[in-house]
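Here's the structure we're looking at; comments come further down.
Every number here is computed from the coordinates shown, using simple stated rules; none is lab data. Since the structure is predicted, the reported quantities are computational estimates derived from the model, not experimental observations. As a convention, Cβ positions derive from the backbone with ideal geometry for all residues, glycine included, and neighbour counts pool all protein chains shown.
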């Protein structure tokens, strides 16, 4: 039998013994016998100088205290067993010495399987194990640790190998010169999923899945701040508008119009890089931010996108519905006061593209003002 098996067997034996003691209710005669034995030991330790009644009273208090503590421990164990948080207790070697039912539900290991095993190999992802070992050593030498007595979000490992987000708080207790730790762990997967959904709802255009106007403006604002900080001139902004989009709605209906908007969104996402941002600004108007692209490079990109839109009609039932796009381009300038300043400039270039026949690309005229 290896050390882990021995530890698990010992832990199970102790738990079984404690459970049996916790259920024992002494009769009146047994309780009287306990008091009598305790009274004798009190008298013996005093050299038989204390009166018999005083020894009996002191012994009775001790026995009552023992059973009061037992009841308190039972209540505490009941709280642990019914806790909605996983409660995992370990010793100073990092071996599991306590494991409540919620821990089994959270991590997939039964109490019998978990007891005596290292917490590292049981619930801690491989990428976090070195940090856990360092944190344990740090606490044992300094009494301080990053997870002690505070709630911290991290990731845990399930028995089946998948990681999931948790909120964890750890408390320590020293008994008989030995340090033990209790970790209170809550699976926050549902909370994180809800937060992600709320964030997506707040930042995404529901129809196309692109950035909504507010989030897209925030993206340009961040790029403007980076430009002003690093003085990198190569950031281009494109404004796009679908030509004669009203005819699509009037001829085929708004459902097909919505399908066309989704179709264009897909075509744009196929052309951009991961570092680029694409947003729906309103109606049939879109915008793109190209970090690291000069106006000339942005024009090459815009011409490629324009041609792709013109040659990739929307297939709706048995019909192929074509549309074209006009595009205005500007560079983001460090002297721009806000994101809207650049968008207005790109929109003016877009307006010229519309005036000059649509289905074309125009670059904004002018140069940035001196700072």
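Spacing of the modelled spin labels on residue 303 and residue 142, each 7 Å from Cα toward Cβ, amounts to 6.1 nm. Based on Cα contacts under 8 Å between residues 6+ apart, the chain shows a relative contact order of 11 percent. Diagonalising the gyration tensor over the Cα atoms of the range 147-209 and scaling each eigenvalue by 5 before taking the square root yields semi-axes of 37, 13, 6 Å, largest first. Counting DSSP beta bridges in the chain, what percent are antiparallel, to the nearest 5? So the antiparallel bridges in the chain amount to around 90 percent. For the range 140-252, relative contact order (Cα pairs under 8 Å, six or more residues apart, normalised by length) works out to 13 percent. Applying Stokes-Einstein at 4 °C and 1.567 mPa s to the Kirkwood radius of the range 85-126, computed over alpha-carbon pairs, gives a translational diffusion coefficient of 130 µm² s⁻¹.
Helical content alone sets the calculated 222 nm signal of the chain at -17000 deg cm²/dmol, taking -39,500 (n - 2.57) per DSSP H segment of four or more residues and averaging over every residue. Segment residue 180..residue 48, full-extension length gain: 43.5 nm, with 0.36 nm per residue of separation and the alpha-carbon distance subtracted. Taking 4 °C and 1.567 mPa s as conditions, the range 130-235 diffuses translationally at an estimated 72 µm²/s according to Stokes-Einstein applied to its Kirkwood radius (Cα pairs). So how tilted is helix 52-81 from the main axis of the chain? Cα-based, degrees 0 to 90, rounded to 10. The helix 52-81 is inclined about 20 degrees to the chain. Angle of helix 213-230 to the longest C-alpha principal axis of the chain, folded into 0 to 90 degrees and rounded to 10: 90°.
Quick check of the Kirkwood formula: for the range 281-371, what is the inverse mean of 1/r over all pairs of different Cα atoms, in Å?
Numbers: mean 1/r = 0.0698 Å⁻¹.
Result for the range 281-371, one decimal place: 14.3 Å.
Please compute the contact order of the range 204-363 in relative form: average sequence separation of alpha-carbon pairs under 8 Å and at least six residues apart, divided by the residue count, as a percent. Rounded, it is 31 percent for the range 204-363.
Inverting the mean 1/r over all pairs of different Cα atoms, compute the Kirkwood radius of the range 204-363 and quote it in Å.
Its Kirkwood hydrodynamic radius stands at 15.8 Å.
Evaluating kT/(6 pi eta Rh) at 20 °C and 1.002 mPa s, with the Kirkwood radius of the range 225-306 over Cα pairs in the Stokes-Einstein relation, gives 153 µm² s⁻¹. When Rg and the Kirkwood Rh are both derived from Cα coordinates, the Rg/Rh ratio for the chain amounts to 1.30. A straight line joining the Cα centroids of the range 288-314 and the range 91-170 runs 51 Å. Compared with the dominant principal axis of the Cα atoms in the chain, helix 189-203 is inclined by about 20°.
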